[in-house]
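Data first, discussion second: the structure below is written as structure tokens.
The values are calculated or read from the model by the stated rules, or taken from the named source; none is laboratory data. Only a predicted model underlies this, so the values are computations on that prediction, with no experimental measurement involved. Positions of Cβ are backbone-derived with ideal geometry, glycine not excepted, and every protein chain shown enters the neighbour counts. Side chains included, ligands, DNA and RNA excluded: accessible areas come from the protein's heavy atoms. Shrake-Rupley method; radii C 1.70, N 1.55, O 1.52, S 1.80 Å.
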Amino acid sequence: MHSLIKNTLSLFLWVTGITAVITLAGIIFTWFIDPAKSELPYLKWLIGSVIIEVIIVIMMLAKKGLKYLPDTQTDEKPEDTLQFMKTFISTGTSATVVSNRVSWLAGNQTLIDVLRSKIADGTRIEIITPTEVDENLRAKLRGASFIVTGEKTSPEARFTLVNGDRSGAEKLAIARGVHPEHEITIFDNSSGPQIIAMAKDIIRKSKELANAA
């Protein structure tokens, strides 16, 4: 299917190019070679065709390109990020949070309630951190899996993967920066399958590291 789309687009580009060359040749002939006597009645249709074809090509390329662009958002306040996490986690049948600390979670009862509701519905919730999580938070999120890697150096990676056990349906949110320039990039299987694969590898290796400790 991908090959068919690529070949169709290439053919359309060739047709557009040939039409543009014929149109340009007609304009040059009319304006410079024999401007007094020449009359090309179909030239205006050729010019119109080129304009329409160029617009269609731009729209096709834009539509194809946008499909492979990830979504992004920049949060000015921590509340905006927490609201995003609440919505993002609610869209999946499983969620794995990788973070160097979870103080942002411990202080937000609304998000905790969302996670508890998802756990009650059978959603698998995993939280991966380098150090032990506060016992009070563990008690609030009974049923979630807390994976402690025991790393001495806190990892820079901060991301949340939903639907990690459903190949092709994964969504990955990667965070960087601090408020008010806290940026979140959201990938799916179209915009970032390689990034999602690396995230799943990090999760797998983190679990192996935690089990070996």
Practice item. For Arg124 and Gln83, calculate 0.36 nm times their separation in residues minus their Cα-Cα distance, and state this gained length in nm to one decimal. Key: 12.8 nm
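What length, rounded to one decimal in nm, is gained on full extension from Gln109 through to Ser190, with 0.36 nm per residue of separation minus their alpha-carbon distance? If you can, show how the numbers build up before the last one.
Working: separation 81, 0.36 × 81 = 29.16 nm, distance 3.36 nm.
Using 0.36 nm per residue and subtracting the Cα-Cα distance, I get 25.8 nm.
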Check your understanding: How do 136-142, 205-211 rank on mean C-beta neighbours within 10 Å, highest first?
Key -> 205-211, 136-142
Review point. Given a 1.4 Å probe, how much area per residue of segment 62-206 is accessible, in Å²?
Key: 55 Å²
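Give me the tail of P(r) for segment 112-213 as a percent: Cα-Cα pairs with distance above 24 Å. Display every interim value, and only then the final one.
Working: 1518 of 5151 pairs.
Roughly 29 percent, rounded to a whole number.
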Revision key, fill the gap. So Arg166 and Phe29, fully extended at 0.36 nm per residue minus their Cα-Cα distance, gain in nm 43.2 nm
Practice item. Could you tell me what percent of the accessible area of segment 102-213 is made up of carbon and sulfur, with a 1.4 Å probe and every protein chain present? Key: 49 percent
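Within segment 55-195, what percent of beta bridges assigned by DSSP are antiparallel, to the nearest 5? Please list the in-between numbers first.
Numbers: 18 of 28 bridges.
If I count the DSSP bridges inside segment 55-195, around 65 percent turn out antiparallel.
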Exercise for review: Would you mind counting up the charge near Asp134? Only other residues with Cβ under 15 Å from its Cβ, with Lys and Arg at +1 and Asp and Glu at -1.
Suggested key: +2
Check your understanding: Sorted from largest down, what three extents in whole angstroms do the Cα atoms of segment 62-130 have along their principal axes?
Key -> 41, 30, 24
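By accessible area of protein heavy atoms, probe 1.4 Å, what ranking do Tyr42, Tyr68 get, highest first? List each step's numbers first, then the result.
Details: Tyr42 165, Tyr68 100 Å².
Heavy-atom accessible area, descending, gives Tyr42, Tyr68.
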Review point. Quick one: of the DSSP bridges fully inside segment 118-197, what percent are antiparallel, nearest 5?
Key: 65 percent
